[in-house]
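Engineer: Pasting a structure below so you can have a look.
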Amino acid sequence: MSNSAASQQKLAAHHADLLVLGGTLMTPNGAARIDLACIEGRIVALGNLANLWSADDTLDATGLHVLPGVIDSQVHFREPGLTHKEDLQAGTRGAVLGGVTAVFEMPNTNPLTLWESDLKAKLDSADGRAWCDYAFYIGGSATNADHLHTLENLPGCAGVKVFMGSSFGDLLADEDEVLRRILRNGKRRLAVHAEDEARLTERKALAEASGNVRIHPHWRDVESAFKATRRIVGIAAETDRRLHVLHVTTAEEMAFLAQHKRRVSVEVTPHHLNMHAPECYERLGSFAQMNPPVREQHHQQALWQAIRDGVVDVIGSDHAPHTREEKAKPYPQCPSGMTGVQTLLPTMLNHVNAGRLSLQRLVDLTSAGPARIFGIEGKGRIALGYDCDLTLVDLNAKRVISNEWIASISGWTPYDGMQVTGWPIHTVIRGTLAMRDEALNGTPQGKKLQFLDATLT
């Protein structure tokens, strides 16, 4: 916790910058009806504080559950180069409105995030504009593979992201020798989009001949994903590198990855947990299109089973917006991706309400899990000395998700019209209320995330 003279004086006087009173806190020991005090952005006291402490600001959390701040470790905020779809300010605004306190942003922007100068440009753009805390991935490619051991440790870098498929140019890394070079040059956990580019290319004629988005999970079939996952896990074993496999979609991959958990962490997305084929394509058309695809219901059921079995480490939104006009193009010219950062928590709280997911497990998947596997300093739990990042939710609140609520520049969500039970009410980032009573509060206060030394994580 902070050691400044002012902090120590406040601590001695039992005077906090922020008091959170009357809520049910989700601590590492489980749910506890206790209060919380914050000084200079960090948690300094937990317990029955109402009659013992004073504060500059007090938040009444009666009837609310207080979660460690939600961390979304996969978002595409499209800046620079694609800001007609999204930008850092709008994307992080949506994040805090959805209860998210920190994000990892992806490298497939224009220019690509491949070098220190690209990372610095993003960090400069986020400074003073980001509503939540942030870090940016460096893309792993043949052009920068020999420099990744240095690039991955730059301040504000979330690590290295590899696209084995569903990309192009310098960001596509689909050859085994390139992948080996990438994995040998670094120590931090490497995030991977695992689809086999050669198989996707071979099968693209299926999509072009059909012209119907319902063919999407058949073009980008199970083997396209499973083949790539097997390859990258094998190369990781050769190079002794830890992996994070993003947006896993198939029963086959989950069964395989369950045998490799010592080295490999696993992400699923809300979209693959909430939607299934063919229903979503019939209802939403290309607005349900993403990569890897939303698949049939038995795959969705396998993802839920993997959550129950502890195979899944993280839920990330894969927020990847496109404009309505772009999404409405004929298939397969229409781009893949959808909004998600703002709806991650509401849709998952709805599963908590339905009994499919415990609140404690959700905390592990969205707070403690990302902090643990990526080595984020001071985040992911409600404990003394940790950053005062809090997501306060009403588990009984009923709301309807709507396009009008979405802060993204793209202005739409696949969940438009969906009623959910469970909703974020306040978002606290390092002791500052970024959202209060479901509305933005103050000005953007986001800062770059700090990471533990790679050799320790």
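Engineer: How do the pairs read when you match residues in the stretch 258-282 that are in the same structural domain as residue 356 (by TED's automatic domain parsing) with residues anywhere that are among the basic types (Lys, Arg) and not in a helix (DSSP H, G or I), using Cβ under 6 Å and keeping only pairs 6 or more apart or on different chains?
Structural biologist: 263/242; 277/295
Engineer: In addition: Given the criteria of a type in the set (S, T, N, Q), in a strand (DSSP E or B) and in the same structural domain as residue 326 (by TED's automatic domain parsing), does residue 224 qualify?
Structural biologist: Spelling it out, it is not the case that residue 224 is of a type in the set (S, T, N, Q), in a strand (DSSP E or B) and in the same structural domain as residue 326 (by TED's automatic domain parsing).
Engineer: Among the candidates 45, 32, single out the residue that is touching a Phe, Trp or Tyr at 6+ places or on another chain (Cβ under 9 Å), assigned by TED's automatic domain parsing to the domain that holds residue 422 and more than 30 Å from residue 269 (Cβ to Cβ).
Structural biologist: Answer to the check: 45.
Engineer: Here's something else I'd like to know. Filter the stretch 208-220 down to residues that are surrounded by fewer than 19 Cβ atoms within 10 Å (Cβ to Cβ) and of a type outside the set (S, T, N, Q) and give me whichever is farthest from the chain's Cα centre (by Cα).
Structural biologist: 209
Engineer: Would you check which residues across the stretch 1-51 are in contact with a His (Cβ under 6 Å, 6 or more places away or on another chain) and assigned to a loop (DSSP other than H, G, I, E, B) and list them?
Structural biologist: Within the stretch 1-51, none qualify.
Engineer: A further question on this structure: Can you find, within the stretch 415-455, the residue that is surrounded by the fewest Cβ atoms within 10 Å (Cβ to Cβ) among those that are of a type in the set (A, V, I, L, M), within 20 Å of residue 104 (Cα to Cα) and out of contact with any helix residue (DSSP H, G or I) (no Cβ under 7 Å at 6 or more places or on another chain)?
Structural biologist: Within the stretch 415-455, the match that is surrounded by the fewest Cβ atoms within 10 Å (Cβ to Cβ) is 452.
Engineer: Residue pairs, Cβ under 7 Å, 6 or more apart or interchain, first in the stretch 115-143 and within 14 Å of residue 74 (Cα to Cα), second at pLDDT below 95. List them.
Structural biologist: 139/171
Engineer: Would you confirm, using the coordinates I've provided, whether residue 276 is modelled with pLDDT of 95 or more and under 21 Å from residue 356 (Cβ atoms)?
Structural biologist: So residue 276 passes the test.
Engineer: Only one residue in 362, 357, 349 is over 24 Å from residue 337 (Cα atoms) and in the same structural domain as residue 327 (by TED's automatic domain parsing). Which one?
Structural biologist: The conditions single out 357.
Engineer: Would you be able to tell me the number of residues in the stretch 56-114 that are without any contact (Cβ under 8 Å) to a residue 40 or more places away in the chain and either crowded, with 24+ Cβ neighbours inside 10 Å or in a loop (DSSP other than H, G, I, E, B) (or both)?
Structural biologist: Looking only at that region, the number is 6.
Engineer: Report the residue count in the stretch 390-408 for those that are out of contact with any Pro (no Cβ under 7 Å at 6 or more places or on another chain), more than 15 Å from residue 345 (Cβ to Cβ) and surrounded by 22 or more Cβ atoms within 10 Å (Cβ to Cβ).
Structural biologist: 0
Engineer: Considering only residues that are in a loop (DSSP other than H, G, I, E, B) and in contact with a Ser or Thr (Cβ under 8 Å, 6 or more places away or on another chain), look in the stretch 268-297 and name the one that is surrounded by the fewest Cβ atoms within 10 Å (Cβ to Cβ).
Structural biologist: 291
The values are calculated or read from the model by the stated rules, or taken from the named source; none is laboratory data. Because the structure is predicted, anything quoted here is derived from the model rather than measured. As a convention, Cβ positions derive from the backbone with ideal geometry for all residues, glycine included, and neighbour counts pool all protein chains shown.
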